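Data first, discussion second: the structure below is written as structure tokens.
The values are calculated or read from the model by the stated rules, or taken from the named source; none is laboratory data. Fair warning: this is a prediction, and the values are worked out from it, not measured in the lab. Positions of Cβ are generated from backbone atoms using ideal geometry, with glycine treated the same way; all protein chains shown enter the neighbour counts.
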Amino acid sequence: MTVSREDLEKQALQEICACLYYDLADNIDAADDDELRAIIEHTNVCDLCDD
């Protein structure tokens, strides 16, 4: 099943840590689908908070 880009963006903004939230919100158009999936699946760890 394919998830729409809009749904990926919403989910990524819900799952990302507070440290990176505004950076993602400001640049979400530049993030590709794989980056958004990595955020949703928590495979990217924040260097600041380890979340």
| request: Tally the residues that are surrounded by 14 or more Cβ atoms within 10 Å (Cβ to Cβ) and either among the polar types (S, T, N, Q) or in a loop (DSSP other than H, G, I, E, B) (or both), restricting the search to the stretch 4-43. | output: 6
| Residues that are of a type in the set (A, V, I, L, M, F, W, C) and over 13 Å from D51 (Cα atoms), drawn from the stretch 8-26 | L8, A12, L13, L24, A25
| said: Any residue that is modelled with pLDDT of 95 or more, touching a helix residue (DSSP H, G or I) at 6+ places or on another chain (Cβ under 9 Å) and among the aromatic types (F, W, Y) - is there at least one of those in the stretch 22-34? | reply: no
| remark: Taking the stretch 13-28 and keeping only residues that are more than 9 Å from the chain's Cα centre (by Cα) and closer than 17 Å to V3 by Cβ, one is left with none
